[in-house]
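The values are calculated or read from the model by the stated rules, or taken from the named source; none is laboratory data. Just so you know, these numbers come straight off a predicted model, no measurement behind them. All Cβ positions, even for glycine, are placed from backbone atoms using ideal geometry, and neighbour counts span all protein chains on display.
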Amino acid sequence: MATQQRPDDSAARLDAEHRALKEQTAALRREHERLHKEGGTIAEHREHIRRLREKIKDLESHVAKLKSLRKPGH
């Protein structure tokens, strides 16, 4: 049985997660721009793509959490 968290705790954690995801996404954008300008190796591009796919999954999970937080109050 899951323990229920106080809404303010959940909101604070989601806010912190949101800020972290925003920073991580910005870092990926900078990496993308660098690879675009400098070329980079095939391995670097593949690793970048892997990181992008992971971040997409993280963002989808974050959106699901936001939606579930919003549902009770509509």
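What the table shows:
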read-out: So LYS65, is it part of a helix (DSSP H, G or I), among the basic types (Lys, Arg), closer than 28 Å to ALA12 by Cβ and out of contact with any helix residue (DSSP H, G or I) (no Cβ under 9 Å at 6 or more places or on another chain); value: no
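Yes/no per residue for (1) modelled with pLDDT of 95 or more; (2) surrounded by 15 or more Cβ atoms within 10 Å (Cβ to Cβ); (3) hydroxyl-bearing (Ser, Thr, Tyr):
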site: GLN24; (1), (2), (3): yes, yes, no
site: ARG30; (1), (2), (3): yes, no, no
site: GLU47; (1), (2), (3): yes, no, no
site: GLU54; (1), (2), (3): yes, no, no
site: HIS62; (1), (2), (3): no, yes, no
site: LYS67; (1), (2), (3): no, no, no
site: LYS71; (1), (2), (3): no, no, no
